[in-house]
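Participant: Before anything else, here's the structure in question.
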Amino acid sequence: MTVTQATWGTGRASGIRLAVETVITGLAWMIAVENIIARIDPSTTKWLPGAALETVASGGTEGPTFSHGLLVGALYVVVAVAAAAVTFARADMTA
């Protein structure tokens, strides 16, 4: 779980490039945005990254199963790593 969250955070960090903004956007997403989306359309909850990682951490829930949470979480991590790789390759690395 921690490795997945760290990878997800690293992917966001490479796009944002500022540690404070990365933490703030991550917390805002997990605390506020996902809850707002879930209130508007409850069927989307099982597809959100925070809910998927929470499902994996708790070993499955009444709604999404452990394997579904693991698959959705893994897909978000793969996308984050791919975005980080592209952003890193295009970054200006001058001192």
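Participant: Can you put Val78, Val20, Val56 in order, fewest other beta carbons within 10 Å first?
Facilitator: Working: Val78 12, Val20 8, Val56 23.
Fewest-to-most ranking of Val78, Val20, Val56: Val20, Val78, Val56.
Participant: Mind listing the long-range amide H neighbours of Gly63? Cut-off is under 5 Å, sequence gap 5 or more, other chains count too, H placed in the peptide plane at 1.01 Å from N.
Facilitator: none
None of the figures in this text is laboratory data; all of them are computed from the coordinates on show. Since the structure is predicted, the reported quantities are computational estimates derived from the model, not experimental observations. All Cβ positions, glycine included, derive from the backbone under ideal geometry; neighbour counts span all protein chains shown.
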